[in-house]
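The values are calculated or read from the model by the stated rules, or taken from the named source; none is laboratory data. As the structure is a computational prediction, the values presented were derived from the model and not from experiment. Quick reminder, even Gly has a Cβ in these numbers, built from the backbone with ideal geometry, and neighbours come from all protein chains shown.
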Amino acid sequence: MILFRSSYLRRNSCGKGLLFNRSFLYTTYEVELLSYGRICFSYHLITQKSLSMRKIYLPIAAIFLLMSSCQKSEKQVIEEPEFSTKNRTCASDEVLRLQMAADPTLRQRMQDIETFTAKAIAKRQTMRNAAGELVIPIVVHVLYSTSAENISDDQVQSQVDVLNEDFNLLNKDISKVPGVFSSSEAIVGIRFRLAQIIRKKTSVVTWLGNDDMKYTAKGGSDVVDPGHMLNLWSCNLGDDLLGFAQYPGGKPATDGVVIGYFCFGRTGKLLKPFTKGRTATHEVGHWMNLRHIWGDKTCGTDLVDDTPQATTYNFGCPSFPHYNQCRSKEIEMTMNYMDYTDDGCMFMFTKGQSDRMNAIFSNGGPRSNFL
Ligand SMILES: [Zn+2]
């Protein structure tokens, strides 16, 4: 018996059979229903491994309803069901591990960037003023196999708007930052401009946590001018992932950020609670060399001085104050964009994070071409 939680259903191509795929975080069940006459559908059910009995009934009921409707009429239209809630997951570090395995020189390049970053911050090369304004052109690759995945121009623009707000302290929810952290709030001072949208229909139904979507030869779309443009790919990202980014130091051919079309921007049909475009804010933070707030280890370090230590990632919307279980016993900055909290519960970068991001654009830095 299969139990479903936190699932979404999506119409797919005609076919028969039953297929199970297992991923590192989640289990993906691709169920293809048998055909009835000329009509047949298949559905993808992506489920978390931690199952909750409370939430299984509706998806199961939906399956039986859809199966029975499949038998009734060739003309029956099956509506796209509503997306349901799940937790944030980001594959940046998993993808980095794959890239390091394929390229033994990447680790050293990233170490060199760390050395450069520390020096640039020490020499105060990270200050940004009006004369040194940095505007990053963005190219968005919209990969789609269904019309729902072919997100609108407005949805794409809304994502650029979110980035401009979040990186410049113009986000309305900045007022929610607790007093204990308010002196750390940062105007990163980097702006974004939508330069191009590339739309591409693809036969690839679901993309995984790897770089395939960045290659035309694999059904994706080749990177555009990565030395001068931030490339964003919007696609149907599977494995229950919301997005991932490439850190500075990686290959130009795969440079950029991948975001699920269901959490891209803040307009259109979006997956709750990821409706405020913060997946891109988080991922662009990685693209600018930020680490997760917990340092991807228990009580690890994110290489930033003014972010408190965190035991591990936080899902959902933690109540304040949330203390870490590390030796330092500090209040965790769960509202930082680099945690795993919901879109509505993350609303700040710190000055230390801003320094790290600006360092990579300073003279001699790995993204200094953008100046
Ligand atoms: Zn991340």
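Quick rundown of the values:
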| read-out | value |
| --- | --- |
| Selection from region 197-212 of residues that are under 20 Å from the mean Cα position of the chain (by Cα) and of a type in the set (S, T, N, Q) | THR206, ASN210 |
| All strands (runs of 3 or more DSSP E) inside region 175-286 with 1 or more residues being in contact with a strand residue (DSSP E or B) (Cβ under 8 Å, 6 or more places away or on another chain) and within 16 Å of the ligand (Cβ to nearest atom) | 230-235, 243-245, 257-260 |
| Qualifying residue in region 292-306 (condition: within 24 Å of SER152 (Cβ to Cβ), more than 16 Å from the ligand (Cβ to nearest atom) and either outside the structural domain of GLU114 (by TED's automatic domain parsing) or in contact with a Cys (Cβ under 8 Å, 6 or more places away or on another chain) (or both)) | no |
| Index of the failed condition, ASN289 passing every other in (1) modelled with pLDDT under 95; (2) closer than 20 Å to SER184 by Cα | (1) |
| Residue list for region 329-341, restricted to those being more than 14 Å from the ligand (Cβ to nearest atom) and within 13 Å of TYR313 (Cα to Cα) | GLU332, MET333, THR334, MET335 |
| Residues of region 157-170 satisfying the condition of being buried (at least 21 other Cβ atoms within 10 Å of the Cβ) and part of a loop (DSSP other than H, G, I, E, B) | PHE167 |
| Residue selected from region 345-361 under the condition away from the ligand (no atom under 13 Å from the Cβ) and either assigned to a loop (DSSP other than H, G, I, E, B) or under 15 Å from the mean Cα position of the chain (by Cα) (or both), by the criterion farthest from PRO308 (Cα to Cα) | PHE361 |
| Unmet requirement for VAL204, which otherwise passes all of (1) more than 23 Å from ILE136 (Cβ to Cβ); (2) crowded, with 24+ Cβ neighbours inside 10 Å; (3) in contact with a Lys or Arg (Cβ under 9 Å, 6 or more places away or on another chain) | (2) |
| Subset of region 259-301 [within 23 Å of ILE138 (Cβ to Cβ) and among the aliphatic types (A, V, I, L, M)] | ILE259, LEU270, LEU271, ALA280, VAL284, MET288, LEU290 |
| Pairs with Cβ under 7 Å, 6+ apart, first in region 266-294 and touching a residue at least 24 places away in the same chain (Cβ under 8 Å) and of a type in the set (Phe, Trp, Tyr), second within 16 Å of the ligand (Cβ to nearest atom) and in a helix (DSSP H, G or I) | PHE274/CYS263; PHE274/ASP343 |
| Region 142-156, residues that are surrounded by 16 or more Cβ atoms within 10 Å (Cβ to Cβ) and in a helix (DSSP H, G or I) | GLU149, GLN155, VAL156 |
| Per-region count, region 89-109, residues outside any loop (DSSP other than H, G, I, E, B) and away from the ligand (no atom under 16 Å from the Cβ) | 7 |
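Yes or no, residue by residue, for (1) within 30 Å of THR126 (Cα to Cα); (2) of a type in the set (Ser, Thr, Tyr):
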residue	(1), (2)
ASP166	yes, no
VAL177	yes, no
ALA186	yes, no
ILE190	yes, no
LEU194	yes, no
ILE198	no, no
THR202	no, yes
MET213	no, no
ALA217	no, no
